[in-house]
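Worksheet: the structure to be examined is printed underneath.
The values are calculated or read from the model by the stated rules, or taken from the named source; none is laboratory data. No experiment lies behind these values; they were computed from the predicted model shown. Here the Cβ is made from the backbone with ideal geometry for all residues, glycine too, and neighbour counts use every protein chain on show.
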Amino acid sequence: MLVTGAYFPEISAAGVQCRAVTAALRDRVTFGVLTTAVDLSLPATALVDGIPVYRIGIDVRSRWSTASAAIRTLVRLRGMLAGYDIVHLHGFSKKNVLVTWAARLAGKRIVLTLHTAGQDEPDVVRLAGRAAYRTFMAADAVLAVSPHLRDAYARAAGGRLRVELAPNGIETQRFRPASAQERTALRQRLQLPIDRPIVLFVGFFSRDKRPDLLFRAWQRATAACGLDAALVLIGATEPAYHEVDSGLAGAIRTAASAAGLADRLHFVAPTNEIADYFQAADLFVLPSAREANPLALLEAMASGLPCIASRLPGATDAIIEDGVNGRLVPVDDEAALATTICELLTHPAEAAALGARARETVTTKFDVLRAAEAWLAAYRAAKATL
């Protein structure tokens with residue numbers, strides 16, 4: 001039983017990864033999904049790709065909704081747990097305490113995947129209280145998507161439990177480079193500029209993701225290099241999710257209008273057709289100050305895009321070797337980011353070479369089948385302790 005914060009058609013990196021891995025392991029593992037959902041119009045139960053999905057609707061802005069979600073989670077678990085050997089928790093959340101308690105009473109084993117820097121870390125979870133921390137440290141098998149998360153958990157566990165590195169995996173047949181003809185057709189269908197270079201951002205509009213920093217760097221780059229480039233920003237702009245800062249998108253729009261750049265700025269709501277946007281773009285930028293194993297970066301690389309990312313130890317620097325398969329810039333260095341954007345957009349041959357090596361990196365190290373095998377090994381190890 002997979003336990004997530006969101007699942008298709010809602011979007012989260014962990015949910016997207018769960019859907020990809022369930023497809024890869026369909027013939028070897030029986031899955032079910034228990035998830036929260038901020039879209040209260042979604043059905044409480046559904047089949048997604050033939051897998052049963054059970055949703056606990058929640059309005060994160062309502063205390064009553066979050067309190068009642070705990071009761072509804074327990075009710076749902078009573079009917080679910082009997083059908084599964086293992087409960088696979090994806091990241092830390094308060095509901096993990098209830099789920100773990102119920103799973104232990106039912107004699108189930110727990111697998112935990114650490115997904116998010118600044119959230120799935122022992123020092124952070126400790127602040128949520130003793131019960132949360134004990135639950136977080138009580139898994140039978142632990143996977144981490146990045147070396148940073150792996151090492152932080154391993155230190156806290158004191159050698160009691162081996163933490164396996166299991167980076168996110170990408171469906172490399174879905175995320176692939178587009179031909180020039182495909183790119184033009186996609187831009188027409190997506191109503192994006194045909195002749196302008198496109199710089200792409202994908203992620204929540206949160207302070208940690210730094211879309212405002214990218215906007216300012218893009219603005220500086222277009223001015224300094226005489227570029228007529230467009231900026232496409234894809235992600236949630238309203239606070240249905242905890243991370244979103246609703247003021248960011250408005251501030252970017254206002255600044256673009258004041259600078260006469262509104263016609264080059266494109267906002268796109270979260271979409272499950274994200275592969276089309278990667279194939280339509282020329283350059284992907286991840287300006288974040290906090291990441292673990294960023295799924296959007298890997299998807300962009302698999303799509304053959306030249307990519308720029310903030311240098312985050314144990315995270316982005318475990319994916320990109322600067323100047324080889326992408327570019328890394330210091331966190332919050334707007335000038336360096338602007339210069340690098342300018343360099344790649346004005347040197348298309350260099351950019352194309354980085355994109356080709358980026359795809360090679362993903363196909364050899366981050367294919368979804370590798371992630372699936374790591375999950376399966378964790379399930380077997382956890383089940384062996386029964």
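Within region 220-235, can you find the residues that are surrounded by 17 or more Cβ atoms within 10 Å (Cβ to Cβ) and in contact (Cβ under 8 Å) with a residue 60 or more places away in the chain?
Here is the first cut: in region 220-235, the residues surrounded by 17 or more Cβ atoms within 10 Å (Cβ to Cβ) are 220-222, 227, 229-235.
Hits for region 220-235 are 220, 221, 227, 229.
What strands (runs of 3 or more DSSP E) lie completely within region 33-102 and have 1 or more residues being out of contact with any Ser or Thr (no Cβ under 9 Å at 6 or more places or on another chain)?
Numbers: elements: 33-37, 45-48, 51-57, 86-90.
Fully inside region 33-102 and qualifying: 33-37, 45-48, 86-90.
Filter region 238-257 for residues that are of a type in the set (Ser, Thr, Tyr) and modelled with pLDDT under 90; which is farthest from residue 207 (Cα to Cα)? Don't jump to the end; show me each part of the working.
Going residue by residue through region 238-257, those that are of a type in the set (Ser, Thr, Tyr) are 241, 246, 254, 257.
In the following step, the residues that additionally are modelled with pLDDT under 90 were identified as 241, 246.
On the way: 241: 13, 246: 10 Å.
Here the residue is 241.
Look through 327, 290 and report the one residue that is within 26 Å of residue 219 (Cβ to Cβ) and in contact with a helix residue (DSSP H, G or I) (Cβ under 6 Å, 6 or more places away or on another chain). Walk me through it before giving the result.
Numbers: 290 fails: in contact with a helix residue (DSSP H, G or I) (Cβ under 6 Å, 6 or more places away or on another chain).
It is 327.
Check whether at least one residue in region 108-128 is over 20 Å from the mean Cα position of the chain (by Cα), part of a helix (DSSP H, G or I), more than 24 Å from residue 165 (Cα to Cα) and not hydroxyl-bearing (Ser, Thr, Tyr), and report yes or no.
Checking region 108-128: not a single residue is over 20 Å from the mean Cα position of the chain (by Cα), part of a helix (DSSP H, G or I), more than 24 Å from residue 165 (Cα to Cα) and not hydroxyl-bearing (Ser, Thr, Tyr).
Is at least one residue of region 314-322 in the same structural domain as residue 213 (by TED's automatic domain parsing), more than 14 Å from residue 203 (Cβ to Cβ) and in a helix (DSSP H, G or I)?
Yes: one or more hits.
Kindly list the number of the only condition in (1) farther than 26 Å from residue 356 by Cβ; (2) assigned to a helix (DSSP H, G or I); (3) under 15 Å from the mean Cα position of the chain (by Cα) that fails for residue 290.
(2)
Kindly indicate whether residue 302 is more than 18 Å from residue 236 (Cβ to Cβ), over 15 Å from the mean Cα position of the chain (by Cα) and crowded, with 24+ Cβ neighbours inside 10 Å.
Working: more than 18 Å from residue 236 (Cβ to Cβ): yes; over 15 Å from the mean Cα position of the chain (by Cα): no; crowded, with 24+ Cβ neighbours inside 10 Å: yes.
Here the answer is no, as residue 302 does not meet what is asked.
Of everything in region 323-342, what is farther than 25 Å from residue 207 by Cα and either surrounded by fewer than 16 Cβ atoms within 10 Å (Cβ to Cβ) or touching a Gly at 6+ places or on another chain (Cβ under 6 Å) (or both)? Give them in sequence order.
323, 324, listed by residue number.
Could you list, in sequence order, the residues of region 7-27 that are at pLDDT 95 or above, of a type outside the set (A, V, I, L, M) and in contact with a Phe, Trp or Tyr (Cβ under 9 Å, 6 or more places away or on another chain)?
Matches in region 7-27: 15, 18, 19, 22.
Identify the residue in region 82-107 that is without any contact (Cβ under 8 Å) to a residue 40 or more places away in the chain and of a type outside the set (Gly, Ala, Ser) and, among all such residues, is surrounded by the most Cβ atoms within 10 Å (Cβ to Cβ).
100
For residue 174, all conditions in the list (1) touching a Leu at 6+ places or on another chain (Cβ under 8 Å); (2) not assigned by TED's automatic domain parsing to the domain that holds residue 342 hold save one; what is the number of the exception?
So residue 174 meets the others, but not (1).
Are any of the residues in region 126-142 within 29 Å of residue 283 (Cα to Cα) and crowded, with 20+ Cβ neighbours inside 10 Å?
The first filter runs over region 126-142 and keeps only residues within 29 Å of residue 283 (Cα to Cα), leaving none.
No, the conditions are met nowhere in region 126-142.
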